[in-house]
Amino acid sequence: MNETLEILRENLGQALLDTAYMVAVSAVIGVVLGTLIALLLYLTENRLFRPNHVVNVIVGFIVNAIRSLPFLILMVVLIPVAQLLLGDPYTPTGGAISLSIAAVPFFARIAESAFSEVDPGLLEAAISTGATTRQIICEAVFPQALPSFIRGVVLTIISLIGYSAMVGTIGAGGIGDMAIQYGYNRYETGVLVAIVIILIVIVQIIQWIGDFIARKVTH
């Protein structure tokens, strides 16, 4: 018990910081780029805007192809990319690269689904007033899709927390790395239990905050 507490005291803080760094970086990249891709898919599919079947199929295929790869395989495939960019892929930044690549297509489909839920009648009314595509997106699509969009962000962050634990298994740092090094390799069951409890609490807090915000912005 004393050894478990000592391990947690010495390593938990840095592990949480590394995990927070990887999740924050990948979440921002995933949401920003994912939203842009979602808009491209939405606009090229919707008959009210700029339908382009070829672009929609090509972009959709790339998104689906990346999403179809199990994260562990994607992580291994991206190790040379991280090594080329950073020199050492086994760092939190290297882990963030893998997480970001996984987050972009994941969030793109969530955001596209949120945009598709917007009432077409509202869009037709906006078009009839002479509103530009940019005005419609900013003043009609985004406000109406915002609750689902926020829930999608929360879902993405929670998924990234789980993925970040997998990234730690290859030595990129964070909670997963700590669980493998101290909990599994040293047979410190107390460390594993503590990490699981901490992750559950973190996920519950994030989910509660996300649901609260989503309810506040629901029209």
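FYI, it's all coordinate maths here, none of it is from the lab. From a predicted model like this one, the values you see are computed outputs, not experimental measurements. When we count neighbours, we look across all protein chains shown, and the Cβ atoms used for this are built from the backbone with ideal geometry, even at glycine.
Overview of values
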| quantity | calculated |
| --- | --- |
| By average C-beta atoms within 10 angstrom, highest first, the peptides 123-132, 187-196 | 187-196, 123-132 |
| Backbone HN-Hα couplings from phi across the range 97-111 [Karplus 6.51/-1.76/1.60, Hz, Gly and Pro as x] | 5, 4, 5, 5, 4, 6, 6, 4, x, 4, 6, 4, 5, 5, 5 |
| Order by protection proxy (mean Cβ within 10 Å, highest first), peptides 100-108, 9-17 | 100-108, 9-17 |
| Relative contact order %, the chain, counting alpha carbon pairs below 8 Å whose residues are six or more apart | 29 |
| Largest to smallest principal axis extent of the C-alpha atoms in the range 48-188, angstrom | 67, 31, 23 |
| Expected 222 nm ellipticity per residue - DSSP helices of 4 or more, -39500 (n - 2.57), all of the chain, to 500 | -26500 deg cm²/dmol |
